[in-house]
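Structure, as C-alpha cells:
The values are calculated or read from the model by the stated rules, or taken from the named source; none is laboratory data. All figures in this text were calculated on a predicted structure; none of them were measured in a lab. Cβ: placed from backbone, ideal geometry, glycine included. Neighbour counts: every protein chain shown. Ligands, DNA and RNA are stripped out before the accessible areas are found, and what is left, the full protein with its side chains, is counted by its heavy atoms. Shrake-Rupley method; radii C 1.70, N 1.55, O 1.52, S 1.80 Å.
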Amino acid sequence: MTKIDEYIPIVGESVIDDLKLIAEKLKGKLIQHINSTSVGGGVAEILNRMVPLLRELGVDTRWDLIKGGEQFFEVTKKFHNALHGRQAEINKTDFDIFLETANRNIAELDTSADIVFVHDPQPITLVNKRKENKWLWRCHIDISEPNQKVWSFLREFVIKYDAAVFSAPGFSQKLPIRQFLISPSIDPLSDKNKELPQETIEAVLRKYEIPKDKPIVTQISRFDRLKDPLGVIEAYLQVKKYNDCRLVLAGGGAADDPEGVKVYEEVKERAMVDKDIHILLLKQNDLEINALQRASSVIVQKSLREGFGLTVTEALWKAKPVVATNTGGIPLQIKHKYSGLLCHSVDGAAFAIKQFLNSPEYAKRLGENGREHVRNNFLLTRHLKDYILLFLSLYHNEDAIYL
C-alpha cells in the first residue's frame, strides 16, 4: 500500500501536514465502515484505499461487510434501480426478504465502534442496534427522483442516524437530521490511476487483440443497464459512418449485482454487428483498466443515472477527452466545453465523440482542463480530510455543515 507522504508531490506538503494535524484529534475513537461487498463498484474501491491511509494517520479504523444471499441481493438491486427512478416491481415479499437478512446481520455484527459509518441501503437497518455511539449513513447513489415506496421504507431507518452524507446537492432529501455534501474521489497512486509505461499499455492491447490502427473509443463500467452500454454501441455505430474507429466496452461485476451477467450477454449479442467492437469482461484488474483508458482517444460514460461516476474522474485524471451524460454527479466533474462534453441522448453522445475525433487539439485542451479539475477537487487526500472533519463534527451540535 502507498504511504501518505507519497502524495506530497501531487497535492503538496501542506495538504498532508493538515491531514496529520486533524487526524490527531480523533485519537481514542474507533471508526467502523460497513457495506455489502469488498470488491466491485466505487464504494469498495474507495474503502480499499482509504481505510489503510486512515490507519496510517493514526485513526483507528475497521471495515466490516454484511452477509446476504442471492435473494437479498436481487432485492437490493431492485431497490437500487427504484431509487434511481427506474420502474421496479417491489412487493411485500421483497421487503420481508430484505428485513429477514437485515435482522440476521443485526444479530451477528458487532457495531460497538465510536462512529459507525454505514454505506448505501443494503446495511441501513443496522442502525436499529445503535447504543450511545454515533451513526452516519452514506448514500453513494443518485436519489434525486426516488421511487417513493422504497424511499419511504428506507427513510424510517435514515432518520435514526446522526447524519446523512450525499455526493451531489440534488440528491439531498427532506430529513430531520444533519446532511453533508461530500464528493467521492480517486486515488492517483492506485494501480488504476498511476502513470504507466507505454510497453505496459501496448501489452494489454495485444492481450485483448485490440489493434492500434484506429482511434479507440472506450467506456469502462460494470455491465449494468443504468450505464447504458447498448446506448454506447448505438452512438458508436452513428460515429462509425463518418469516423473509422474502434469501440471498447470493458468492465466487470460486483458481488451484490446479480443482473450483470444477463446485461453482459445482451451487450455481446448486440456487438456482433461490427467487428471493431470489443467487449471485455475484466476480473477486477485495475492495471488493465488503467492501460485501456490511457490507450483511448475518447472515453465515454453514457450513464442513464449516476451517483457520481468515478470512471469519469479516472479518465479526466489521465487528461482524456470525456463524453458523459449530464446526470447525477457527473456535472460536478465535467463543465461542458471546458473539462469535457456533456450529452443527453445517443445522438448527442455521437455528435460529441465526432467533435473530439475531428478536433485533436480541442480534445487535448479539454483533457488537460479535466485533469486539473480532478487535482483540485476529487483526489483521495481531499476525501480523507472531509471524512475526518465529518467525524469530528459529530461531537459538535451545529444544525448543518457542508464540506
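Here are a few things to note about the model shown:
- For segment 203-213, filtering for residues that are assigned to a helix (DSSP H, G or I), open to solvent by 60 Å² or more (accessible area, probe 1.4 Å) and touching a helix residue (DSSP H, G or I) at 6+ places or on another chain (Cβ under 9 Å) leaves 1.
- ARG305 in a loop (DSSP other than H, G, I, E, B), more than 16 Å from PHE378 (Cα to Cα) and basic (Lys, Arg): yes
- Any hit, segment 132-150, residues being open to solvent by less than 10 Å² (accessible area, probe 1.4 Å) and of a type in the set (Ser, Thr, Tyr): no
- Test: residue in segment 207-230 that is of a type in the set (D, E, K, R), touching a Ser or Thr at 6+ places or on another chain (Cβ under 7 Å) and under 26 Å from LEU357 (Cβ atoms): yes
- Of all residues in segment 67-101, those satisfying the criterion of being under 14 Å from PRO146 (Cβ atoms), open to solvent by 20 Å² or more (accessible area, probe 1.4 Å) and assigned to a loop (DSSP other than H, G, I, E, B) are GLY85, ARG86, GLN87, ALA88.
- Selection from segment 308-338 of residues that are touching a residue at least 24 places away in the same chain (Cβ under 8 Å), over 15 Å from SER297 (Cα atoms) and assigned to a strand (DSSP E or B): THR325
- Any chance GLU132 is among the acidic types (Asp, Glu) and modelled with pLDDT under 95: yes
- Near pairs, Cβ below 6 angstrom, 6+ apart or cross-chain, from segment 371-388 (farther than 21 Å from GLU195 by Cα and of a type in the set (A, V, I, L, M)) to any residue that is assigned to a helix (DSSP H, G or I) and open to solvent by 10 Å² or more (accessible area, probe 1.4 Å): ILE388/ILE22
- Residues of segment 33-62 satisfying the condition of being more than 13 Å from PRO123 (Cα to Cα) and outside any helix (DSSP H, G or I): SER38, VAL39, GLY40, GLY41, LEU57, GLY58, VAL59, ASP60, THR61, ARG62
- Just one residue in the set LEU357, LEU341 is assigned to a strand (DSSP E or B) and not small (Gly, Ala, Ser); that residue is LEU341.
- Given (1) closer than 26 Å to CYS139 by Cα; (2) surrounded by fewer than 17 Cβ atoms within 10 Å (Cβ to Cβ); (3) not β-branched (Val, Ile, Thr), number of the condition LEU226 does not satisfy: (2)
- Of residues in segment 264-302 being part of a helix (DSSP H, G or I) and closer than 16 Å to GLY40 by Cα, the one least open to solvent (accessible area, probe 1.4 Å): ASN290
- Among the residues listed as GLU156, GLU132, the single one being acidic (Asp, Glu), without any contact (Cβ under 8 Å) to a residue 24 or more places away in the chain and within 20 Å of ILE31 (Cβ to Cβ): GLU132
- LEU54 being open to solvent by less than 10 Å² (accessible area, probe 1.4 Å), at pLDDT 95 or above, in contact with a Phe, Trp or Tyr (Cβ under 7 Å, 6 or more places away or on another chain) and not hydroxyl-bearing (Ser, Thr, Tyr): no
- Flag set for ASP120, criterion: on the phi > 0 side of the Ramachandran plot, of a type in the set (D, E, K, R) and touching a strand residue (DSSP E or B) at 6+ places or on another chain (Cβ under 7 Å).
- Residue under evaluation GLU199, criteria (1) in a loop (DSSP other than H, G, I, E, B); (2) under 22 Å from ASP286 (Cα atoms); (3) free of Cβ contacts under 8 Å to residues at least 60 places away in the same chain, criterion not met: (1)
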